[in-house]
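Remarks on the structure that follows.
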Amino acid sequence: MYALRTRIIGFEPIREYAQLAAQNLADFDAVEVFNVAVGADNKFLRAPNIALDRQFNFGATQIGNQDTGALIAQVSIDQFCAGSGARPRLLKIDAEGGEFEVIQGATSLFHSDLIISYEADRPSTIEKCMEFLQPYGVTQFAAVLAIVDRRGMGDDDPYFKLSTVHMFACFDTVPTWVERLGRKIDDFEAYQA
């Protein structure tokens, strides 16, 4: 019998969010959450202190070189996976403007079956990512994704219209689901159109 060996690794730099994610995913044996930031290189950054009871948007916290806040480690995905034999099929990146740096730190994992999905809400980040990936011969698609499952929601539900834009970079064969999900984008100017 063929055993499916799926492993999902998540990175969350904010300690409180990593703990919350680990609690929410505790029933899934194939999922691990690591309390580190990912980027182009290994270094230390600072993250703001979080009060979970006063936080509205858990995805909008930026980390960086602030003078205060919790000290957190940043690693490249290349370094994190070094020697593991990891060959991911999907890298899904939502790093609050740090998508380019995450992609730069993951090049040793690039292979023909890889798909990179990265958040596309900041034009300058999208342009850098597209230009960086172009020499690798990727085919890129832009897709508008629902943030919540809309089945059973009425048009008047406040969450019904929430969505996000993601780019999908395919290194070789483009899966049918990516073609159906988005529109092919050849360059940044086409993305802006």
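May I ask you to derive the FRET efficiency for residue 42 and residue 96 from their Cβ-Cβ distance with R0 = 30 Å, giving the value to the nearest 0.05? That pair, residue 42 with residue 96, gives E of 0.95. Computed from backbone phi with θ = phi - 60° and the Karplus coefficients 6.51, -1.76 and 1.60, the 3J(HN,Hα) list for segment 125-133 is 5, 4, 4, 4, 5, 4, 5, 5, 7 Hz; x is used for glycine and proline. Applied to segment 93-106, the Karplus parametrisation 6.51 cos²θ - 1.76 cosθ + 1.60 on θ = phi - 60° returns per-residue 3J(HN,Hα) values of 10, 9, 10, 6, x, x, 4, 4, 5, 5, 4, 4, x, 10 Hz, with x for Gly and Pro.
Sorting the segments 126-133, 176-183 by their mean number of nearby beta carbons within 10 angstrom, highest to lowest, gives 126-133, 176-183. In this simple spin-label model, placing a label point 7 Å from the Cα along the Cα-to-Cβ direction at both residue 29 and residue 9 gives a separation of 2.0 nm.
Less than 5 angstrom separates the built amide H of residue 10 from those of 32, 33, 34, all sequence-distant by 5 or more or on a different chain.
Summarising the label geometry, the points placed 7 Å from Cα in the beta-carbon direction at residue 122 and residue 71 lie 2.5 nm from one another. Computed extension gain for residue 162 through residue 183, at 0.36 nm per residue and net of the alpha carbon distance, reaches 5.6 nm.
Here the Kirkwood formula puts the hydrodynamic radius of segment 86-186 at 14.4 Å, using every distinct Cα pair.
Read-outs: derived from the displayed coordinates by stated rules, not from any lab. Quick caveat: nothing in here was measured; it's all calculated off a predicted structure. In this analysis, Cβ positions are derived from the backbone assuming ideal geometry, glycine residues included, and neighbour counts consider all displayed protein chains.
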